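Chemist: Input: one structure, supplied below.
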Amino acid sequence: MLNETRPEKPSVARPARPLVSIVIPVYNEAVFLREHTLLLLDYLRSLETRFRFDIVIVNDGSRDDTGPIAERLALENETIRVFEHPRNFGLGQALKTGFARCRGDYVIVLDIDFSYGPEHVGLLLDRIVATGARMVLASPYMKGGEVLDVPWFRRILSRVANRFLARVSGQRFSTMTCMVRAIDGRFLRSLNLRNMGMDIMPEMILKANVLRASIEEVPAVLNWRLQNRAGGKRRSSMRIAHQIVGTVVSGFMMRPFSFLLVPGLVLMAVAAYINTWMVIHIGEAYVRLSATGETDVTVAVAVAYRNFPHTFIVGLLTLMLALQLTGMAMLSLQNKKYFDELFHLGSALLRHQRETQYAQMSATDRPKPD
């Protein structure tokens, strides 16, 4: 009727609000789960004029009451879905389970202990919508960010790990290991993630870089006050030794060329120094032998080797190792180029497959439009 009486102003369908899937991996979080989920729901209501929300809780084999609490929350609120692992597989697998069941135009990963408060959801969404980035990271280490009540050793380790990863990857990011981030849903469906543990965080950034995807950061507040107050001392899920090894491995995967070329060049310089002395020793021996009438160079080499065997052995072995490392660096660079090509192709095929499956979902499983 409106179109008939006022044809000069035809009605325009209101664009659907983007659906945001919030993935929350949980393991033994019974202390926080219900209270913090309700607080999160309250906060999300302030964003409902712009977004719709779908909360995916993945219980990664918890041994406390996390599972029953999550199930009750799902029964009480239709926007919450819960998926259970029969045992603890690790953060990476929990996230992959959640990602595989996400419906959203945007996907946000959140920690239910509120080490990053619920207000970060709005910050991440504002940035990813405004910039069109494929991924936005919540960074407590960039300008404007803050770290509160985190033990000094954990804080130092985290900073060193993030700087190391940023340096070897050639990226400008102040954090690459944070769990809290926003991801474009369509882009996420093109990623084939493999890591089962915390290494999945830098893996996502590595593969996003391979696909030339834009990544942004927003200042964040990392705050352990609630956890320290509730438990006396926060139990960190990070095993220190495992995380150190994982960080080094992640750095190598990001740029193996640098890991091989830099030691190769250093050894090449050492070999050049040692072998210079080897040539000097041969020259000195030849001069002494020439005074006696002996002009055979091989004799001079034999004399120099007899007098300075370690110079010859160390110099030649160092040169061989340096050549091997630089050669492997060149091969790794070539292999990375092949990997990038295959990854681009595989990601396009994977995205097409997942979007086809999504399009074939039953009407009851699809997110309801406005």
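Chemist: For each of PHE173, PHE51, count neighbouring Cβ atoms within 10 Å of the residue's Cβ, then give the residues from fewest to most.
Modeler: The order, fewest Cβ neighbours first, is PHE51, PHE173.
Chemist: Taking 0.36 nm per residue of separation and subtracting the Cα-Cα distance, what length does fully extending ALA100 through LEU333 add?
Modeler: Full-extension gain reported as 80.7 nm.
Chemist: Within straight cross-link reach of LYS336, meaning Cα distance under 17 Å, which aspartates and glutamates are found once same-chain residues fewer than 8 apart are removed?
Modeler: Once the sequence-local aspartates and glutamates are set aside, what remains near LYS336 is GLU203.
Chemist: Also, quick follow-up: Evaluate the distance, in nm, between pseudo-label points positioned 7 Å from the Cα of LYS143 and of GLU284 along their respective Cα→Cβ axes.
Modeler: Each label point is offset 7 Å from its Cα along the Cβ direction, giving 5.7 nm.
Chemist: Please report ASP65, ASP296, ASP105, ASP199 as a ranked list, fewest other C-beta atoms within 10 angstrom at the top and most at the bottom.
Modeler: ASP296, ASP65, ASP105, ASP199
Chemist: Counting other C-beta atoms within 10 Å, which of SER214, SER115 has the fewest, and how do the rest follow?
Modeler: So the residues, fewest neighbours to most, are SER214, SER115.
Chemist: What length, rounded to one decimal in nm, is gained on full extension from LEU39 through to SER214, with 0.36 nm per residue of separation minus their alpha-carbon distance?
Modeler: Here the segment from LEU39 to SER214 would lengthen by 59.9 nm.
Chemist: Can I ask one more? Can you tell me how much longer the chain between ARG306 and ILE156 gets when fully stretched, taken as 0.36 nm per residue apart minus their C-alpha distance, in nm with one decimal?
Modeler: 48.8 nm
Chemist: Give me the distance in nm between label points sitting 7 Å out from Cα along the Cα-to-Cβ direction at THR292 and PHE83, one decimal.
Modeler: Taking the simple label geometry, THR292 and PHE83 are separated by 8.2 nm.
All of the numbers you see were taken from the coordinates with simple rules; none came from a lab. Remember, predicted model here, so these are calculated numbers, not experimental data. Note that we place each Cβ from the backbone using ideal geometry, even for glycine, and neighbour counts take in every protein chain shown.
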